[in-house]
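In what follows, a structure is listed as structure tokens, so that the remarks can point back to it.
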Amino acid sequence: MDEFALSIHVRSTDPKAVAEALREMHRLLEYEPAEGDIEMQELFTPRPRRQGIRISKARDGWVSVLVSGGAICANILARALSKWLETEVVEIERAGDDFCAFLLIDNGEIVDQYRLAPGEEADLDEDDMWPDAEDEGGELPFPGLLGVHPDLEQLQTDAMALMTPKIQRIFERVSEGTATPADDRALEQWVAEHIDELTELLMAPVHSAIPEIKWVEEVLGVPVDEDDEPEFEDGDMEDEEVEDEDGDDEYVIDIQDFLGLNDYLSYLEPLLASGVDLVDVDELLTRESIAPHELLPAFLHMVGIPPVYAELDYPAALDLPGRELADAGIEFVEHLKFELSDEE
């Protein structure tokens with residue numbers, strides 16, 4: 001299994017219709033059929049050079065989709081599938097115990113989102129982590145984890161280029177596990193002083209991808225605008241910082257914050273598995289102290305999606321034997337592979 005999870009779940013009993021929609025989308029995006037292995041790469045683009053997609057057999061009213069292109073690609077494809085097939089779609093994302101999220105999309109329109117990021121992320125100013133929409137001429141896919149399998153090696157190389165030789169040596173000792181407490185403090189101070197430059201390094205691939213993101217959204221008919229995002233009700237808090245029993249901070253963005261206390265459940269009610277009570281869903285999603293690896297499988301179970309998807313992405317599923325997938329309630333019936341038609 002994987003510490004990362006990324007998947008799309010289509011409210012449908014027809015995997016062939018889902019596959020045909022994805023084939024047509026990729027044709028419009030100038031792809032052609034491909035052969036060979038597909039790796040997850042170019043994760044900050046909606047249109048990687050090569051794309052792999054696995055489609056499951058329908059189970060309990062859901063067809064599940066794994067894509068190799070990363071969270072930006074999955075976000076756009078999820079909205080497009082929902083619009084093209086005129087149905088509900090749930091997209092889920094998870095990065096270990098650092099983050100989990102899901103989107104609920106109805107006929108191409110985002111009607112719900114949930115994000116849970118426990119621990120030190122409470123100290124981050126999220127507004128500073130994203131490009132200014134006016135500066136970039138548009139908005140990013142939403143929410144989009146963006147951190148699934150980042151290119152840490154390149155990020156480290158670029159970050160070290162900002163460092164003085166002394167800080168580089170300290171960083172190397174920290175990486176090797178031989179740093180002293182004084183080294184740790186010195187590196188922490190340097191990071192705090194250069195947080196703007198480091199954030200720009202992290203976001204640079206996203207900045208450069210924005211024109212292509214907008215083009216892909218236009219081609220597939222799902223451009224992001226203000227009407228696509230859930231509205232806040234007056235008096236609702238966008239985020240909340242709470243403290244668990246151990247005194248650790250947690251950062252929770254709750255579905256209620258977007259749709260109000262009663263409205264969000266109305267979207268989920270038709271999707272719930274047999275025997276699941278709305279009260280149980282409400283209790284789960286408003287719980288103040290819960291880890292992503294606990295919340296996500298519990299939520300998936302409540303909507304009738306195999307909980308194992310809380311640990312699955314495209315490469316992880318390829319590594320699992322069919323028997324193990326079958327035991328978890330999953331059978332993949334299509335494996336689509338594409339490459340851009342201008343590839344030599």
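Things to note:
- Under 11 Å, Cβ to Cβ, from Asn75 - net charge with Lys/Arg +1 and Asp/Glu -1: -2
- Surface composition of region 283-327: carbon plus sulfur atoms hold 48% of the accessible area, using a 1.4 angstrom probe and ignoring ligands, DNA and RNA.
- Under the simplified labelling scheme, the Leu272-Glu3 pair shows an inter-label distance of 3.5 nm, with each label point 7 Å from Cα along Cα→Cβ.
- Local electrostatic count at Ala182 - Lys and Arg +1, Asp and Glu -1, tallied over other residues with Cβ under 13 Å: +1
- Estimated distance in nm for a label pair at Arg27 and Lys166, the labels positioned 7 Å out from Cα along Cα-to-Cβ: 6.4
- Kirkwood hydrodynamic radius over Cα pairs of region 269-337, then Stokes diffusion coefficient at 20 °C and 1.002 mPa s, in µm²/s: 157
- Kirkwood Rh, angstrom, region 41-80 [1 / mean 1/r, Cα pairs]: 10.8
- Calculated on the alpha-carbon coordinates, the convex hull of region 1-112 measures out at 113 cubic angstrom per residue.
The values are calculated or read from the model by the stated rules, or taken from the named source; none is laboratory data. Because the structure is a prediction, the values reported are computed rather than measured. Using ideal geometry, Cβ is built from the backbone for each residue, glycine included, and neighbour counts are taken over all protein chains shown. We work out accessible area using only protein heavy atoms, side chains counted, and drop any ligands, DNA or RNA first. Shrake-Rupley method; radii C 1.70, N 1.55, O 1.52, S 1.80 Å.
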